[in-house]
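Asker: Okay, handing you the structure first.
The values are calculated or read from the model by the stated rules, or taken from the named source; none is laboratory data. Because the structure is a prediction, the values reported are computed rather than measured. Positions of Cβ are generated from backbone atoms using ideal geometry, with glycine treated the same way; all protein chains shown enter the neighbour counts. When the accessible area is computed, the model is the full protein with side chains, heavy atoms only, and any ligands, DNA or RNA have been set aside. Shrake-Rupley method; radii C 1.70, N 1.55, O 1.52, S 1.80 Å.
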Amino acid sequence: MNNERSLASMQEEVDAYIQQFKTGYFGPLSQMARLTEEVGELAREVNHYYGEKPKKSTEAANTVAEELGDVLFVTMIMANSLDIDLTEVFEKNMSKFNHRDRYRFERNDGKTKENDESGCE
């Protein structure tokens, strides 16, 4: 399996998977409900592994990684159905975060808004 895949290739694979079924993509509200369900399952796993609520002996041994994978898969389904290019969205978001939040947290390089000589705000 290629570990250096692009978001675009993953979205294409998800689309090919969905297209094999007559149902196709569900509507946005159904997809939002499914995404919410998957995020809830992720929260449950995080709570089991890192929180104060241990898993019951009768519960399946899911992992945080598996649940994150489910969230990613459903996110790609939703993006595809709404014609959203996740690579484009990622680039825009990283640009926003790199600009807006550049000094939000203490930096490893010691730079602060006050001592930045690049002139960027």
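Asker: Answer yes if at least one residue in the range 28-51 is assigned to a loop (DSSP other than H, G, I, E, B) and either under 23 Å from residue 90 (Cα atoms) or open to solvent by 70 Å² or more (accessible area, probe 1.4 Å) (or both), and no otherwise.
Answerer: There is no residue in the range 28-51 that is assigned to a loop (DSSP other than H, G, I, E, B) and either under 23 Å from residue 90 (Cα atoms) or open to solvent by 70 Å² or more (accessible area, probe 1.4 Å) (or both).
Asker: Could you say whether any residue in the range 86-93 is at pLDDT 85 or above, farther than 30 Å from residue 17 by Cα and open to solvent by 70 Å² or more (accessible area, probe 1.4 Å)?
Answerer: Checking the range 86-93: not a single residue is at pLDDT 85 or above, farther than 30 Å from residue 17 by Cα and open to solvent by 70 Å² or more (accessible area, probe 1.4 Å).
Asker: So for the range 11-20 (the condition being surrounded by 14 or more Cβ atoms within 10 Å (Cβ to Cβ), among the β-branched types (Val, Ile, Thr) and part of a helix (DSSP H, G or I)), does at least one residue qualify?
Answerer: Checking the range 11-20: at least one residue is surrounded by 14 or more Cβ atoms within 10 Å (Cβ to Cβ), among the β-branched types (Val, Ile, Thr) and part of a helix (DSSP H, G or I).
Asker: Could I ask something else about it? So, in the range 1-10, exactly how many residues are open to solvent by less than 100 Å² (accessible area, probe 1.4 Å) and in a loop (DSSP other than H, G, I, E, B)?
Answerer: 3
Asker: Of all residues in the range 51-70, which are within 30 Å of residue 11 (Cβ to Cβ) and of a type in the set (Ser, Thr, Tyr)?
Answerer: Listed by number, the list holds a single entry, 63.
Asker: Under the condition of being charged (D, E, K, R) and in contact (Cβ under 8 Å) with a residue 12 or more places away in the chain, which residue from the range 1-43 is farthest from residue 67 (Cα to Cα)?
Answerer: 15
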